[in-house]
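These notes concern the structure reproduced below.
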Amino acid sequence: MCGEERLCRKRVELRAELSIGEPVITEIFLAPHELRNRIAVVTGASAGVGRVVALKLSRAGVKVGLIAREADALDALRTEIVSCGGQAFAVSVDVADPEAVFAAAQRIENELGPISLWINDAMVTVFSPVAEMQPEEFRRVTEVTYLGCVHGTMAALRHMRPRDFGTIIQIGSALAYRGIPLQSAYCGAKHAIRGFTDSLRTELVPSENFIRTGFACGGRIVA
């Protein structure tokens, strides 16, 4: 079995702690000796979990493509990674725009090489009772949190399917399994991501290819 097949078959584990219902990644176990010099993309990389994941991957020798809206924060992260001896390429785009995400993926491949790991973490939320929410607020949360994940997954598949190899991870939430007050838009988006990922998994498993997907949410996650 070649190295790529071993990597794809190997469990991808995220150790996380729940903080106000959200996953905070503290350790990533991704067979560093096999991941070295591979290419990963992280959306929502400018802050929070996405930023931590990008840094952990770079320390494992992974070349990291960084996607988020905040250009200054992305550039600061890229500079930090490079200063520590890593490689990173940052593209400032809104994941709600599918064509922008597809173009960003192509730019990352052109700059770093073939993408073998894609992690979707971009999100926005609005804290408000449903009765006080505006339609455009629901739309924005859905477009970034749910459709941003869909667009990232579609971009990843465009590059992974011709090579029949890769791993796609959605950074989930406890709120993908239960709803809480004041977070209706976000809860709905995270539930949608879980359903989308389950559906994608059922498509990938029978095809006997080496593309895998997983949903990371608190505790130890296996993809």
Cβ-Cβ under 9 Å, sequence separation 6+ or interchain: first residue in the range 68-86 and more than 8 Å from residue 46 (Cα to Cα), partner surrounded by fewer than 16 Cβ atoms within 10 Å (Cβ to Cβ) and modelled with pLDDT under 95. Which pairs?
81/59; 84/59; 86/59
Among residues of the range 151-164 being in contact with a Phe, Trp or Tyr (Cβ under 8 Å, 6 or more places away or on another chain) and surrounded by fewer than 20 Cβ atoms within 10 Å (Cβ to Cβ), the residue nearest to residue 108 (Cα to Cα) is 158
Identify the single condition in (1) assigned to a strand (DSSP E or B); (2) at pLDDT below 50 that residue 66 does not satisfy, given that it satisfies every other one.
(2)
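Residues that are closer than 24 Å to residue 67 by Cα and touching a strand residue (DSSP E or B) at 6+ places or on another chain (Cβ under 6 Å): find the helices (runs of 4 or more DSSP H) completely inside the range 126-223 holding 1 or more of those.
The qualifying helices (runs of 4 or more DSSP H) are 147-160, 184-204.
In the list 68, 47, which residue meets the criterion of being of a type in the set (A, V, I, L, M) and surrounded by 15 or more Cβ atoms within 10 Å (Cβ to Cβ)?
Numbers: 47 fails: surrounded by 15 or more Cβ atoms within 10 Å (Cβ to Cβ).
After ruling out the rest, the residue left standing is 68.
Just to be sure before I move on: is residue 199 in contact (Cβ under 8 Å) with a residue 60 or more places away in the chain, out of contact with any Ser or Thr (no Cβ under 9 Å at 6 or more places or on another chain) and of a type in the set (S, T, N, Q) in the structure I sent? Quick ask: steps written out before the conclusion?
On the way: in contact (Cβ under 8 Å) with a residue 60 or more places away in the chain: no; out of contact with any Ser or Thr (no Cβ under 9 Å at 6 or more places or on another chain): yes; of a type in the set (S, T, N, Q): yes.
In short, no.
Taking the range 101-131 as the region of interest, how many residues are under 21 Å from residue 196 (Cα atoms) and either touching an Asp or Glu at 6+ places or on another chain (Cβ under 8 Å) or among the basic types (Lys, Arg) (or both)?
Restricting attention to the range 101-131, the residues satisfying the condition of being under 21 Å from residue 196 (Cα atoms) are 101-102, 105, 116-125.
Still in the list and also either touching an Asp or Glu at 6+ places or on another chain (Cβ under 8 Å) or among the basic types (Lys, Arg) (or both): 116.
Here the count works out to 1.
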For residues that are touching a helix residue (DSSP H, G or I) at 6+ places or on another chain (Cβ under 8 Å), among the aliphatic types (A, V, I, L, M) and surrounded by fewer than 21 Cβ atoms within 10 Å (Cβ to Cβ), tally how many sit in the range 127-146.
2
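The values are calculated or read from the model by the stated rules, or taken from the named source; none is laboratory data. Please read these numbers as outputs of a predicted model, since none were measured by experiment. Glycine also receives a Cβ, built like all others from the backbone with ideal geometry; neighbour counts cover every protein chain displayed.
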